[in-house]
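Taking it in order: structure first as structure tokens, then the write-up.
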Amino acid sequence: MTHLRINPSILSADFVNLEAELQRIASADAVHVDVMDNHFVPNLTLGLPVVRRIQAVSPLPLDVHLMIEDADRWAPAYAEAGAASVTFHAEAAAAPVRLARELRDAGAKAGMALRPATPVEPYLDMLGELDLLLVMTVEPGFGGQSFLDLTLPKIRRAAEAVRGADRPLAIQVDGGITEETILRAADAGATVFVAGSSVYGADDAAAAITALRAAAVREG
Ligand code: DX5
Ligand code: ZN
């Protein structure tokens, strides 16, 4: 069975205590870092200098999610900074194939994200260029929103399209992932789960991570 991964998002962490906040999630698989530029999404978070410091102190690999315009220009530097994976938005990349290759050449896994209303079909022929497809399960920009069930058929179609591929493609979901919703996403074919408020909003983040893992495989 595919290993299911939980990547807590530090968007819901205490930004003035990031080093301690990273330690709270040391039992997770990676730390999800949301970079927002106030143009692609109506919110502003952090950029390369802060990501470099997170990289230096994090006990976990970095899963960088770029919600920024002109991804072609800015994304490779995050791979060069040592991020394990760098995910750009399909809607913000002029040349997604070239960009995915640049990310891999720089030593990162290449990820591409789709907003809830962006179909996967135009990208099916390039999925082999990617290591990760992020199906956004809320409109990107903010933590604490409700999971959009309308994204489930897209997750299913993407999972179906990559079944039996030479190189495995991880399907990641991000937004509204809780103990209540994670099983629906897992059943549809997602294998990597980003969780912000449901992990950092808990008193015991490690227990929240364990509970999400259990809920992702719960039967009937
Ligand atoms: C939203 C971000 C998410 C966010 C998820 O645009 O990409 O990573 O942190 O937060 P929750 O899990 O609270 O929906
Ligand atoms: Zn994210």
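The values are calculated or read from the model by the stated rules, or taken from the named source; none is laboratory data. Only a predicted model underlies this, so the values are computations on that prediction, with no experimental measurement involved. Cβ placement follows ideal geometry from the backbone for every residue including glycine, while neighbour counts extend to all protein chains displayed. Only protein heavy atoms, including side chains, enter the accessible area calculation; ligands, DNA and RNA are left aside. Shrake-Rupley method; radii C 1.70, N 1.55, O 1.52, S 1.80 Å.
For the reader, a short list of remarks on this structure follows.
- Matching entry among 159, 110, 185, 190 (being more than 15 Å from ligand 2 (Cβ to nearest atom) and closer than 24 Å to residue 41 by Cβ): 110
- Those residues of the stretch 166-178 which are assigned to a loop (DSSP other than H, G, I, E, B) and open to solvent by less than 90 Å² (accessible area, probe 1.4 Å), in sequence order: 169, 175, 176, 177, 178
- Count of residues meeting criterion [touching a helix residue (DSSP H, G or I) at 6+ places or on another chain (Cβ under 7 Å) and within 16 Å of ligand 2 (Cβ to nearest atom)] in the stretch 194-216: 8
- Criterion (in a helix (DSSP H, G or I), under 30 Å from residue 14 (Cβ atoms) and open to solvent by 10 Å² or more (accessible area, probe 1.4 Å)) met by exactly one of 185, 214, 202: 214
- Considering only residues in the stretch 188-199 that are farther than 23 Å from residue 163 by Cβ and not polar (S, T, N, Q), the one that is surrounded by the most Cβ atoms within 10 Å (Cβ to Cβ) turns out to be 195.
- Summed over the stretch 1-28, the residues that are open to solvent by 40 Å² or more (accessible area, probe 1.4 Å) and within 15 Å of residue 191 (Cα to Cα) give a count of 4.
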